[in-house]
Amino acid sequence: MPIARLLPIRLAALAAAFCLALSCGVSAQAAAQEAHDGALLKRVTLMVADIDRALTIYEDILGFGVARGGVAEEDSARFELLGAPSNGVVEVATLNAGDTQVAALALVERPLGTAAAGGTPGLGPLFRVPDITEIFWRIEALGLRTSKPLVIEGPAKFDYRQRAFVDYDGHVVTLYQAVPKR
């Protein structure tokens, strides 16, 4: 079915969800999720060699808050899929992005005795940040490899300042800041 034909159906479902949210007292986000019948992105998970070192970027610089941290249960799928030894420990940290994006990012420490995914950087997440210049001063102070700044012309009221870095574990993390057009 062409997208143009689906749009009125999706908008009607979304409108009904918001009406339900207002009358039942549930959040608009929860109501919108109820109206969506496809897959929803809950979180991005990054494999890291050292959670504490990774948190210097994701918590200290980018401002994510640690919601939960600890050791994965031995019957977790992580053990099987990561090839962790049965007596191994898999450390995990789940991070919030403010109050609205709960458990938006997870860091999973690669179990001892398992190999890294590869020697070349892998694609990573894209984050919107409030001050890309200040953040990159801090990223560069860590000695991480960074890209040149780029300005992308936006279609409406904003342009986008964008820049990327390779974190300690080879993820190419891209940051952007919306700036009003001049």
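The values are calculated or read from the model by the stated rules, or taken from the named source; none is laboratory data. It should be emphasised that the depicted structure is a prediction, and the values quoted were computed from it without experimental measurement. Reconstructed Cβ throughout: ideal geometry from the backbone, glycine too, with neighbour counts over all protein chains shown. The accessibility values were calculated without ligands, DNA or RNA, using every heavy atom of the protein model including side chains. Shrake-Rupley method; radii C 1.70, N 1.55, O 1.52, S 1.80 Å.
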query: At a Förster radius of 35 Å, what calculated FRET efficiency corresponds to the Cβ-Cβ distance of residue 66 and residue 160, to the nearest 0.05?
result: 0.80
query: Pulled fully out, how much extra length does the chain show between residue 142 and residue 52, if you take 0.36 nm times their separation in residues and subtract their Cα-Cα distance?
result: 31.0 nm
- request: First measure r as the distance between the Cβ atoms of residue 96 and residue 151, then evaluate 1/(1 + (r/R0)^6) with R0 = 25 Å and state the FRET efficiency to the nearest 0.05.
  value: 0.25
From phi via Karplus (6.51, -1.76, 1.60), per-residue ³J(HN,Hα) for segment 166-182 in Hz, x at Gly/Pro: 9, 6, 4, 10, x, 7, 7, 9, 9, 10, 9, 10, 7, 10, x, 5, 8
- prompt: So what does residue 41 come to for accessible area, using a 1.4 Å probe and Å² rounded to 10?
  reply: 150
query: Whose amide H sits under 5 Å from the amide H of residue 145, counting only residues 5 or more places off or on another chain, with H placed in the peptide plane?
result: 166
query: Of all the C-alpha pairs in segment 121-182, what % are more than 17 Å from each other?
result: 39
- request: Using θ = phi - 60° and the Karplus relation 6.51 cos²θ - 1.76 cosθ + 1.60, list the HN-Hα couplings for segment 158-163 in order, rounded to whole Hz, with x at every Gly or Pro.
  value: 10, 10, 10, 8, 10, 7
